[in-house]
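Data block below; observations after.
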Amino acid sequence: MPEILNAQSKPDTNTIPLPDSTIIFENEQPDALLLTTGFSFIYGFAIPHAQEVVNIRGTNPIGYELDFNWLLYTREVWDDCHCYPRLGFHFGFYDFDLNEIFGYGYEGGINFIYYFGLLSKFNFLVQGKAGLSYLTKPYDEINHPQNMSYSTHLNYLLSAGAGFRYEFSDYVETQFLVSINHNSNAALTEPNGGINYPAFSLALGYTFNPIEVKPRTHPDPYLTSENETRWDIGLFWGISSMPFPDPSQVPMFGANVLRSWQVMRFGAVTAGAEMEMNGRARLRVDRGTIEEQSPWRGSIQGGWEFLMGRTIFSIQLGLYIYRPHKEMDDVYQRFGLVHRIVNHLYAGINFKSYRHWADHLDLRLIFSF
């Protein structure tokens, strides 16, 4: 009897072990990019956020958009956020209601949609959009003097919203969204009051070649590694404008240093500092309209980063601690988007504003370690 037990306890060297069940499961989930096309109707309510754009009060921008979004059903994306977002682009046409003043808008840009939970019959979502818009009736002293909202044909667009998605079938879905939307040239020229409006939107979408969306079961790299920390040293350069009606444009450039501490799978807190050359201050000194003083200004910053693989979206609040030439508020906001182009090197854009006033958009090159 002991020999029988002993024999049974020995491994059989003639048998072939089955593959690990995790590997089988992973093999059933190849990476895929699932295309959904959609059509959206947007109905907005313009906000006169400043005295010079009070003439937009009571207007209702209406938009029509054609969207192309891909579900990022990949292992790499799953490791980043334990989610499958959609990334894509859109083209749109907008009627700004008072057409004799504000004209029409043609726009295009990128979309990012994050779904709470795996894609299913019903999901809550948040969505962001960024891109460019061509607006037909910019401010002109003779032809369009009433339009203080924008002064260039080409403008930037930003949109952020939240809502839900409902799936009628594997192929057909609808999305309802409440969003805040913004069009301006980021103070490249004045006047630049911007077109700001909250909006409701309803979309109908069709998914080509749908598949069953499943979680991944391979070992989670986030749980087996330490949270990341990072130093960034960056250079930036942009263009802003003098206050209306001065048509002059001025450079804004400088350097910054930032420390980032990852505190969750796709989030990090940041602290940093920057020195920036204020071109408006330098021009005023050159013109003799103010006394001789340094155009440089220094500030400290704190904020949050959304970590999305090779891409980082950041939100920061800054407080000036050195500013001989004072203008606007002591506190400002920055919104940034950078992408890692090679190891240790990021490139991207950053938008600076004071409350609801745009200051400028700059280009950034960042060394990270």
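Bridgeable aspartates and glutamates around K121 (alpha carbons under 16 Å apart, same-chain partners fewer than 8 residues away excluded): E167, D170, E173, E212.
Hey, what did the stretch 229-368 get for relative contact order, percent, Cα under 8 Å, at least 6 apart?
Values: 350 pairs, mean separation 30.4, N = 140.
Relative contact order, the stretch 229-368: 22 percent.
About the centre of its Cα atoms, the stretch 32-207 shows a dipole size close to 340 debye [charges on the beta carbon of Lys, Arg (+1) and Asp, Glu (-1) only; nearest 20 debye].
Tell me the trypsin sites (Lys or Arg not before Pro) within the stretch 293-331 that lie in a loop according to DSSP and have at most 13 other beta-carbon atoms within 10 Å. Answer by residue number: R310, K326. For the pair T229 and Y206, label points projected 7 Å from Cα toward Cβ lie 5.4 nm apart. Checking every one of the chymotrypsin sites (Phe, Trp or Tyr not before Pro) in the stretch 299-336 against DSSP loop status and a limit of 11 other Cβ atoms within 10 Å picks out no site at all. Bridgeable lysines around K129 (alpha carbons under 18 Å apart, same-chain partners fewer than 8 residues away excluded): K352. Summarised as an ellipsoid, the stretch 42-89 has semi-axes of 39, 14, 7 Å, derived from the eigenvalues of the Cα gyration tensor scaled by 5 and square-rooted, with the largest first. Solvent-free Debye calculation, one equal scatterer per alpha-carbon of the stretch 98-246: log10 I(q)/I(0) at 0.10 Å⁻¹ equals -0.58. Counting other Cβ atoms within 10 Å as a rough exposure proxy, the listed residues H182, H49 run H49, H182 from fewest neighbours to most.
Pairs of alpha-carbon atoms within less than 8 angstrom and 6+ residues apart define the contacts here; what relative contact order does the chain have, in percent? Write out the running numbers ahead of the final one.
Values: 937 pairs, mean separation 42.7, N = 369.
Dividing the mean separation by the residue count of the chain yields 12 percent.
Note on Q293 and D95: the extension gain reaches 66.6 nm, defined as 0.36 nm multiplied by sequence separation minus the Cα-Cα distance. Using every pair of distinct Cα positions in the chain, the Kirkwood expression returns a hydrodynamic radius of 23.6 angstrom.
For the stretch 326-340, putting each phi into the Karplus relation 6.51 cos²θ - 1.76 cosθ + 1.60 with θ = phi - 60° gives couplings of 9, 8, 6, 7, 7, 10, 9, 10, 10, 10, x, 9, 10, 9, 6 Hz, in residue order, rounded to whole numbers and with x for Gly and Pro. Each label point was placed 7 Å from the Cα along the Cα-to-Cβ direction; for L365 and L317 their separation is 3.3 nm.
How about the stretch 284-348: which GluC sites (Glu not before Pro) there lie in a loop by DSSP and see at most 12 other Cβ atoms within 10 Å? All intermediate terms of the calculation are to be shown ahead of the outcome.
Numbers: sites: E291, E292, E305, E327; in loops: E291, E292, E327.
Answer by residue number: E291, E292.
The Cα-based radius of gyration of the stretch 229-368, divided by its Kirkwood radius, gives an Rg/Rh of 1.00.
Where a number appears in this text, it was derived from the coordinates with a stated rule and is not lab data. Everything numeric in this text was worked out from a predicted model, so none of it was measured. Counting neighbours? That spans all protein chains shown, and the Cβs are built from the backbone with ideal geometry, glycine included.
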